[in-house]
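Only the coordinates and a few stated rules stand behind these numbers; no lab work does. Bear in mind the structure is a predicted one, so any value in this text is a computation, not a measurement. Cβ atoms come from the backbone with ideal geometry, glycine included; neighbour counts cover every protein chain shown.
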Amino acid sequence: MTEKQIRNELSKIKNELKKHEDSAELLNDAGVGFYLLGELDSSRKYLEKAVQIENSASYMFNLANTYADMGQKAKALDTYLQVLEINPSHIGALNNLADEYEQAGKPEKAHELFHYLTQLQPDRAISHFNLGNFFLRQNQHIEATKCYEKALTKDAEFTDAYYNIAWILFRAKAYSESKRYVQKGLRTDSDHEDLIDLLQTLEKQDT
């Protein structure tokens, strides 16, 4: 949606709230609208009202995201945990909570959650890819590569997984293996800019 469309929707929601000021659904919708506009303080105010009226995992998740983007890390962590008390398998909350733990310098807790997500969604490539990205940020390249390979067994067209493996191999100066993964990735997405850039860099190694 464009900014104009979002503001038009917000105008309609505000008019409805004049008649139904205790509607948690409308308050949540308003909060989400302001979040999309980047007007986080307004988003927070509406979402806090929605949560006060209805203890919904969905509404609380939206509020936690707003807290996170406002830099209110402690509130974000607490609210994600409240979401998980209501719905222990809430994928978005688990992912975002893991991110928050990692940023807070708690990699053990982050790893536990990223790993748990691969158990919750064993057939989803993205869960294995996200765990791989965690290992990559921790400079555990072998573990990261294993996760990316696992992601590719679930989705053979997961282009970013090919790129990340190729990048790890490039950093290890395994240029021929890196090039092989670049070529595999380009077969799934010939316009992938990072793969094209890496291929050009690798070809310079051959000259």
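Applying 1/(1 + (r/R0)^6) with R0 = 41 Å to the Cβ-Cβ distance of Arg187 and Lys18 gives a FRET efficiency near 0.15. Based on DSSP H segments of at least four residues, each scored -39500 (n - 2.57), the chain has a per-residue ellipticity at 222 nm of -26000 deg cm²/dmol.
Legend: calculated FRET efficiency, Lys75 to Asp194, from the Cβ-Cβ distance at R0 = 45 Å, rounded to 0.05, equals 0.80.
As a proxy for reagent exposure, ranking Lys173, Lys154 by other Cβ atoms within 10 Å from fewest up yields Lys173, Lys154.
Based on alpha-carbon atoms, the Kirkwood radius and the radius of gyration of the range 156-207 give Rg/Rh equal to 0.93.
Where the alpha-carbon atoms of the chain are placed on the principal axes, they occupy 70, 38, 28 Å, in descending order.
Let's test this: bin the Cα-Cα distances of the range 94-207 at 5 Å from zero up to the farthest pair and state each bin's percent. Here the calculated profile for the range 94-207 is 2, 13, 21, 20, 18, 12, 9, 3, 1, 0.
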